[in-house]
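Input: a single structure, listed below in structure tokens.
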Amino acid sequence: MSIKPMTYNLKYLFEQLPSTNITDLEALLKQHWHLHGTERSIVSAHLAIEDSAVAHGSRWRRPRAGNRLKALLSLQVQIEVLEIEQLVPPWPLLAAYVVDTAVVISPPRAKQAAALQRTPGSLQVCLFRLRSDMAKEDALDYWRQEHAAIACATQSTFGYRQHVITSTETNVGAKYDGLVEEYFPDAALTNAEIFFNSKNPQQLSEHIAQLTASSSTFIDMTSLLVNHLSEYRINLTPCH
């Protein structure tokens, strides 16, 4: 009986990229992995960036001014001990994490035939710290068991992943406890009723109140770092 290799989920957040062209960025990543001989250790790779497709997402950004989250590289790898320099080019890092992932709603896959393989809609990336006056396990249990259902009911998300941060790969960046990825339809970026899965202004107010109350139960709301990005699947075939 064959034993399936253990995989590790890694998140690299950047505050600056050398290009805004996803094709150029994909090429730079693949060149880097080939140079360091790590391409065969990578099971999957997705790069989410700020681009014109999510320009209207700025209204949902937190904080709105001085937001340094410009890109997210998500890697699934089969080898635990890899130096960060082997996996990411020397682009300005905001933070780097190993995470424990739970998929609440599987996000849609990028169309295989699409040249850039962009995931439909926009990806809202949110980092946060847990409340200091609540036991960590209690806060994580609430997030996983109760809040997830509320978040999915009060928003138009069609993909939802929770990532508990288990370790930090660098000394760069603020300390966070969790990272959540929520996939929204394009129309949600410019329409609050669509964003909050509402049919009328009254339901909009109710959903915002329910979501805020639930979030405040376990999150330090002053710690939120939120941005909307376009997610692209990196084609690993030439690497492998």
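Only the coordinates and a few stated rules stand behind these numbers; no lab work does. Predicted, not measured: the structure shown is a model, and the values here were computed from it. Don't worry about glycine lacking a Cβ; one is built from the backbone with ideal geometry, like all the others, and counts go over all protein chains shown.
Which whole-Hz ³J(HN,Hα) couplings does region 66-78 yield from phi under the Karplus relation 6.51 cos²θ - 1.76 cosθ + 1.60, θ = phi - 60°, glycine and proline marked x?
Taking θ as phi minus 60°, the curve returns x, 6, 9, 7, 10, 7, 9, 9, 10, 10, 10, 10, 9 Hz for region 66-78.
Residues with amide H under 5 Å of T119's amide H, sequence separation 5 or more or different chain, H placed in the peptide plane at 1.01 Å from N; which?
E231, Y232, R233
Kindly write out, for region 54-59 in residue order, the coupling ³J(HN,Hα) from the Karplus curve 6.51 cos²θ - 1.76 cosθ + 1.60 (θ = phi - 60°), rounded to whole Hz, with x marking Gly and Pro.
Result, ordered by residue: 10, 4, 6, x, 4, 5 Hz.
Starting from the 7 Å offset along Cα-to-Cβ, what nm value, one decimal, do you get for the label separation of N235 and R62?
3.8 nm
Could you work out [θ]222 nm for the chain from helices alone, using -39500 (n - 2.57) per DSSP H run of at least four and dividing by all its residues? Round to the nearest 500 deg cm²/dmol.
-6500 deg cm²/dmol
Looking at the square roots a ≥ b ≥ c of the eigenvalues of the Cα gyration tensor of the chain, which shape do they give, rounded for a/c under 1.5, prolate if a/b is larger than b/c, or oblate? Write down the numbers at each step before the final one.
Working: a/c = 1.72, a/b = 1.40, b/c = 1.23.
Judged from the Cα gyration tensor, the chain comes out prolate (a/c at least 1.5, a/b above b/c).
Just to confirm the filter: which trypsin sites (Lys or Arg not before Pro) across region 170-240 are DSSP coil and have at most 15 other Cβ within 10 angstrom of their Cβ?
Within region 170-240, the qualifying trypsin sites (Lys or Arg not before Pro) (loop, at most 15 other Cβ atoms within 10 Å) are K175, K199.
Taking amide H atoms as placed 1.01 Å from N in the peptide plane, list the residues 5 or more away in sequence, or in a different chain, whose amide H sits under 5 Å from that of I219.
Long-range HN contacts for I219: R131.
Can you give me the long-range amide H partners of A71? Hydrogens built in the peptide plane at 1.01 Å from N, cutoff under 5 Å, separation of 5 or more residues or another chain.
F14
Efficiency by 1/(1 + (r/R0)^6): what FRET value for S52 and A135, r their Cβ-Cβ distance, R0 = 35 Å, to the nearest 0.05?
For S52 and A135, the calculated efficiency is 0.20.
With a/c under 1.5 counting as rounded, go ahead and sort region 110-240 into rounded, prolate or oblate using the C-alpha gyration tensor (a ≥ b ≥ c being the square roots of the eigenvalues; past the cut-off, prolate if a/b is larger than b/c, else oblate).
Values: a/c = 2.28, a/b = 1.14, b/c = 2.00.
Verdict is oblate for region 110-240.
Counting only GluC sites (Glu not before Pro) that are in a DSSP loop and have at most 16 other C-beta atoms within 10 Å, tell me the longest site-free stretch of the chain.
84-240
Please give the helix 201-218 orientation as an angle from the longest Cα principal axis of the chain, in degrees from 0 to 90, rounded to the nearest 10.
Rounded to the nearest ten degrees, it is 60.
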